[in-house]
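Here is the structure we will look at, set down as structure tokens.
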């Protein structure tokens, strides 16, 4: 099993990234990650946030393919940190100063003083080389990036569109737990070890997707929440229409009956929304 050191990381997803390792479909990889602030909680350099370990070249991945990443395990440390302050988050103008709080982590919980928050390890940043231009690791789009979607967790499978040869996978910004929205600008930020298995699917997708035991999550990240919500709804209807082989009007109504549209994060340059499509609708009665 190959181990990618946290010393090998990027701050931009670009078309010109140089791979630090090469792997093959079906191979398992350990990504050692740095927390979103690079371990520096007193004086933050915002040109160096959300470091993503990698990138890794996946042999055989070609533009138009889908990169398949099965997240097997996320190993957490014994403490994490959450930060906020003026200019940060949804209520950025309603708080003064800059604040950090260290959080104790145990097997089943993250402790906020005497409040036990259920643990839920997740990967905030996971992405590949984009089709064009470059994106800071703190920004999400079709290539993935800083989606901050809590369904990207142990035992889930992430699907990313491939735009460049080898895909060039990198990941980081692990959280021990996070609420949808990540409203104060951060979650329980940690360094971690993430064990994944990579594979390739010879089919094309437009936006990232996550698969869990009971649902598919379509993930869209755009500058406007309203635009992202409309796009993810359109993608959900299209997904159902294609898989069920039914007319648009039927897929549209079915989406209204059983698809949950939600928010992943509201605090990054592109806002991320998700559509939860339950798997039961694809089962025949």
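Readers should treat all values here as calculations from the given coordinates under stated rules, not as data from a laboratory. Keep in mind that this is a model prediction, so the values were computed, not measured. Glycine also receives a Cβ, built like all others from the backbone with ideal geometry; neighbour counts cover every protein chain displayed.
From the list 87, 64, which one is under 29 Å from residue 167 (Cβ atoms) and loosely packed, with under 14 Cβ neighbours inside 10 Å? Reasoning before the result, please.
On the way: 87 fails: under 29 Å from residue 167 (Cβ atoms).
Just one listed residue meets the conditions, 64.
Looking only at region 194-212, decide whether some residue is in a helix (DSSP H, G or I) and either in contact (Cβ under 8 Å) with a residue 12 or more places away in the chain or closer than 26 Å to residue 136 by Cα (or both). No, that holds for no residue. Taking the criterion of being in contact (Cβ under 8 Å) with a residue 40 or more places away in the chain and under 30 Å from residue 138 (Cα atoms), the residues of region 232-257 that qualify are 232, 233, 235, 236.
In region 70-83, which residues are part of a strand (DSSP E or B) and surrounded by 20 or more Cβ atoms within 10 Å (Cβ to Cβ)? Across region 70-83, the qualifying residues are 71, 74, 80, 82. Please enumerate the residues belonging to region 142-193 that are surrounded by fewer than 20 Cβ atoms within 10 Å (Cβ to Cβ) and part of a strand (DSSP E or B). Of everything in region 142-193, those that are surrounded by fewer than 20 Cβ atoms within 10 Å (Cβ to Cβ) and part of a strand (DSSP E or B) turn out to be 153, 157, 181, 193.
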